[in-house]
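Worksheet for the structure shown next.
The values are calculated or read from the model by the stated rules, or taken from the named source; none is laboratory data. Nothing here was measured: the structure is a model prediction, and the numbers come from that model. Ideal geometry is used to build each Cβ from the backbone, glycine not excepted, and the neighbour counts take in all protein chains shown. Accessible surface areas use protein heavy atoms only, side chains included; no ligands, DNA or RNA. Shrake-Rupley method; radii C 1.70, N 1.55, O 1.52, S 1.80 Å.
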Amino acid sequence: MSEWWTYSLRDLLLFSPSTYYRLFELYNIEWWPLQIFALALGMIVLLLLRNGSDQARKAIAVILALCWLWLAWAYHWQRYASINWAASYYAAAFALEALLLLWLGVIRQPPGMAEARNKSGRSGMVLFVFALLAYPLLALLPGRSWTQAELFGMAPDPTALATLAIILLGSVRPAWWLLPIPVMWCLISGATLWAMASPDFWLPPLAALLASAMAISSARKFSGQT
Amino acid sequence: MTTPAKTTPPLNNSRRRLLGMIAASPLLVALPGLTRHSQPATRAIPSSGEALPLVGLGSWISFNVGNDKAARDASAEVMRNFFQAGGRLIDSSPMYGSAQEVIGYGLTKIGRPAALFAADKVWVSGGDAGRAQMEESRQLWGIPRFDLLQVHNLLSWEAHLPTLFTMKANGRLRYTGITTSHGRRHGDMEQLMKSQPLDFIQLTYNLYDREAEQRLLPLALERGIAVIVNRPFQQGALLRRLARHPLPSWAAEIDCSNWAQFALKFVISHPAVTCAIPATTRVAHVLENMGTASGRLPDQAMRARMAAFVDSLS
C-alpha cells in the first residue's frame, strides 16, 4: 500500500469489534472443553515455579512452547487469518517463539538458575497470576460476553503476558531472544484494540513495556553482582 | 452485530411506505444523466450508457466476518434486500479479508441475481500475481466474470492496467477502473484519467472530504468516466460528528429525516457521481440507503447550502 504511513490505525482496521470478539466466542465453542486443560496447564506452571528445579524450569518452557505452537495453528492460522490476512505472518512468528522456547528453555537451558527472588520476580508472579486468572474476566466488560473470554494457552494476549512473566521470573534463561515476539504481539494487540475503541487497549502494551523494562533492569543488576 | 455507521433508527413499515410514495412522486430534481425508476434512481455509465442505481453496496469491514455462519447469513440477507430494493453494484477487494468469500456465499445462497454488477479490485504487485489474484477473486465470488475490475489504490497500475484492457478487449471484463481512498494520490489519479481509457474511477467523497470536487469530479465529467464513491459516511465517523447537532428543518425539502440521508443525498446528487457504496451489516440500513436514492435529490443551490451548513458546524 502506497503512502501507508499516512493512514491512521483505524483506517487500517479490517474488521468490526463485534466480528473480532465473536471470533473468540466461536473459537472457544469449537475447542471446548480444552479451556479447562489450558487453565490446568497454567496452574501446573504455578506449581513448577514454586518447585524451581532445573527440570521444573524445562517443563515450564515446554508448556509455554506448546501453547505458542497451538496459538500459531489453532488461533492465528485457523481462525484469525479468516478476517486478517496478516495473521499468517503472526502464525509464523508464534511458531518461531515456540521453537525459541524449546531451544533456549530446554536444550540450551543453563543449570542452577534460581528463581528470581527480587522485585522483578515478584512482579513476574503478579503478572503471571493476572494473565492466568484476571485477564479472562475482561470478557465481562460491557458489550462483551463471558463466552468470548481470552484464556492463557488459548488466546494470544494472556499467553504473551504469561510468557513475559516467566521471563521476568528468570525461570527461562537466557531470555533476551524470547522477549521481542511477545512484546511485539502486545503492541500489535494494543493497537488493534485501540483502533476498535476497546477500553482495555492499554493493558497488553503497558504490561509488555513494564515487563521489558524490569527484565532489563534485573539483568543489569544480575550482571553487576557477577 | 454492530454496524460502523449509522445512528438512524430502523425503518418501520410506515416509513418504508412513505419512502415508496416519495419515490413515486413527481418531485425528483432533474440532474444530468439522471433517470427515475420506481425504486432507486440511476445514472448512466458514460462509456456505455448502461444505467446503474445511484447507491451500491460496499463490503469494507462489514462483510469481513470470517467463518461465522450466522454473520454470513446476515450478510446474505443484506444482499438479498439490496437486490430486492433495486440495487446492482457490489464492490469488494482482496484486501478486505473474507469479504469476497462472504459475497460468494451470499450470492450462492440467494441465487445469483441477474442484476448483479460485480465490482472488485486487484491489489498486489506484478502482472502475473495480479492475473492470479483476479482469477482467485472470481472464484471466491463464484461468477463467470466481473463487470468491473479496478486497480486498488493504484498499486502496480503499470502492470495491471494493460491486463485489464486486454481482458476487456477479449470480452472477459466489461469495465476497467482505478481506485483511491482517504483523498490520497489524487494527482496520480488525475494523470491516469487523462492518459488511460478508463471506464471508472473510485474515490472518497463526502460532506467533509470534498477535495475531489476541485479537479477529479469535473475531470470525470469532462472525460466521460464513471465515478464510484467510497466512504460516503467516513466509515461512520461523519455521522457520529453530525449526530451532535440537530438536522436543519430545511432538510425536509429533500426528504431527509436524518443525517445519514442528508449525507448520502449530498454525495449521489453530484452530477459526476455514478454510484456511492456505503457498507452496512443491517438490512434496515441497506433499505434506507436504497430509499435515499429514490427520493428527491438536492439541486446545485441546495448542495451548496448543505456543504455550508456542515462547514458551519465544524
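Counting partner chain Cβ atoms within 10 Å of every residue's Cβ in A:8-18, what's the average?
The shielding value for this peptide is 5.
Å³ per residue of the Cα convex hull, for region A:15-225?
Taking only Cα atoms, region A:15-225 has a hull volume of 101 Å³ per residue.
Using the Karplus curve 6.51 cos²θ - 1.76 cosθ + 1.60 with θ = phi - 60°, work out ³J(HN,Hα) for each residue of region B:186-201 in order, rounded to whole Hz, and write x for Gly and Pro.
Going residue by residue, I get 5, x, 5, 5, 4, 4, 5, 4, 7, 9, 10, x, 8, 8, 9, 10 Hz, with x marking Gly and Pro.
Where the Cα atoms of region B:212-264 are projected onto their three principal axes, how long is each span, largest first, in whole Å?
Answer, in whole Å and largest first: 39, 25, 16 Å.
Can you list residues from other chains, or at least 5 along the same chain, whose modelled amide H is less than 5 Å from the amide H of residue B:294?
It is B:41, by chain and number.
What angle do you read, to the nearest 10 degrees and between 0 and 90, between the alpha-carbon axis of helix B:69-84 and the longest principal axis of chain B?
Roughly 70 degrees, rounded to the nearest 10.
Using alpha-carbon pairs under 8 Å, 6+ residues apart, how would you state the relative contact order of chain B in percent?
Relative contact order, chain B: 25 percent.
Amide H neighbours of residue B:151 under 5 Å, at least 5 residues apart or on other chains, H built in the peptide plane: list them.
Under 5 Å from the amide H of residue B:151: B:122, B:177, B:178, B:179.
What list of ³J(HN,Hα) couplings, whole Hz, do you get for region B:114-126 from phi and the Karplus terms 6.51, -1.76, 1.60, once you set θ to phi - 60° and write x for glycine and proline?
Once θ is set to phi - 60°, the couplings for region B:114-126 become 5, 6, 3, 10, 8, 10, 9, 9, 10, 9, 6, 8, x Hz.
For peptide A:20-27, how many partner chain Cβ atoms fall within 10 Å of a residue's Cβ, on average?
Partner-chain Cβ atoms within 10 Å, mean over residues of A:20-27: 2.
Taking θ as phi - 60°, what are the ³J(HN,Hα) couplings along region A:131-143 by the Karplus curve (6.51, -1.76, 1.60), each to the nearest whole Hz, with x for Gly and Pro?
5, 6, 10, 8, 4, x, 6, 4, 5, 8, 4, x, x
Work out the mean other chain Cβ neighbour count within 10 Å for the residues of B:153-160 and drop it here as an integer.
1
Whole Å is fine, so just give me how far the alpha carbon centre of region B:89-122 lies from that of region B:151-186.
The distance from the Cα centre of region B:89-122 to that of region B:151-186 comes to 18 Å.
Give me the percent of DSSP beta bridges within chain B that run antiparallel, rounded to the nearest 5.
Roughly 15 percent of the beta bridges in chain B run antiparallel, per DSSP.
Roughly how tilted is helix A:54-70, in degrees to the nearest 10 and between 0 and 90, from the longest Cα axis of chain A?
On a 0 to 90 degree scale, this one is about 10.
Using all Cα-Cα distances in region A:148-194, what percent lands in each 10 angstrom bin from 0 up to the longest?
27, 52, 19, 2
Can you work out the accessible area per residue across chain B, with the rest of the protein chains kept in place, probe 1.4 Å, in square angstrom? Don't skip to the end; give the middle numbers.
Details: 11540 Å² over 314 residues.
Accessible area per residue, chain B: 37 Å².
Between residue A:144 and residues 5 or more places away or on another chain, which pairs have amide H atoms under 5 Å apart, with H built 1.01 Å from N, and which residues are they?
Here the answer is none, since no amide H 5 or more places off falls under 5 Å of that of residue A:144.
Using a 1.4 angstrom probe on the protein heavy atoms only, line up A:77, B:259 by accessible area, largest first.
Sorted descending by solvent-accessible area, the residues read A:77, B:259.
What is the distance, in nm, between label points placed 7 Å from the Cα along the Cα-to-Cβ direction at residue B:252 and at residue A:55?
8.4
What FRET efficiency would be calculated for the residue pair residue A:86, residue B:136, taking the C-beta separation as r and a Förster radius of 25 Å, to the nearest 0.05?
0.90
Given Cα pairs under 8 Å that are at least 6 residues apart, what percent is the relative contact order of region A:15-225?
Once divided by the residue count of region A:15-225, the mean separation gives 23 percent.
For the protein assembly as shown, I need the span (max minus min coordinate) of the C-alpha atoms along each principal axis, in Å, sorted largest to smallest.
87, 50, 43
If you line up the long axis of helix B:157-169 against the longest principal axis of chain B, both from Cα atoms, how many degrees apart are they, to the nearest 10?
90
If I take the Cα coordinates of region A:22-86 and project them onto the principal axes, what are the three extents in Å, biggest first?
Result, largest extent first: 42, 24, 11 Å.
What ratio of Cα Rg to 2.2 N^0.38 Å holds for chain B? Don't jump to the answer; show the numbers that get you there.
Working: Rg = 18.4 Å, N = 314, 2.2 N^0.38 = 19.6 Å.
Computed over Cα atoms of chain B, the ratio equals 0.94.
Whenever you get a sec, line up B:255, B:120 from highest to lowest accessible area (probe 1.4 Å, protein heavy atoms).
Final ranking, largest accessible area leading: B:255, B:120.
Highest first, please rank the peptides B:71-84, A:139-152 by the mean number of other Cβ atoms sitting within 10 Å of their residues. Write down the numbers at each step before the final one.
Details: B:71-84: 20.5, A:139-152: 16.4.
With the highest mean Cβ count within 10 Å placed first, the list reads B:71-84, A:139-152.
Give me the orientation-averaged projected area of the Cα convex hull of region B:117-243, in nm², one decimal. It would help to have the intermediate numbers written out before the result.
Details: hull surface 32.8 nm².
So the mean shadow area of the Cα hull is 8.2 nm².
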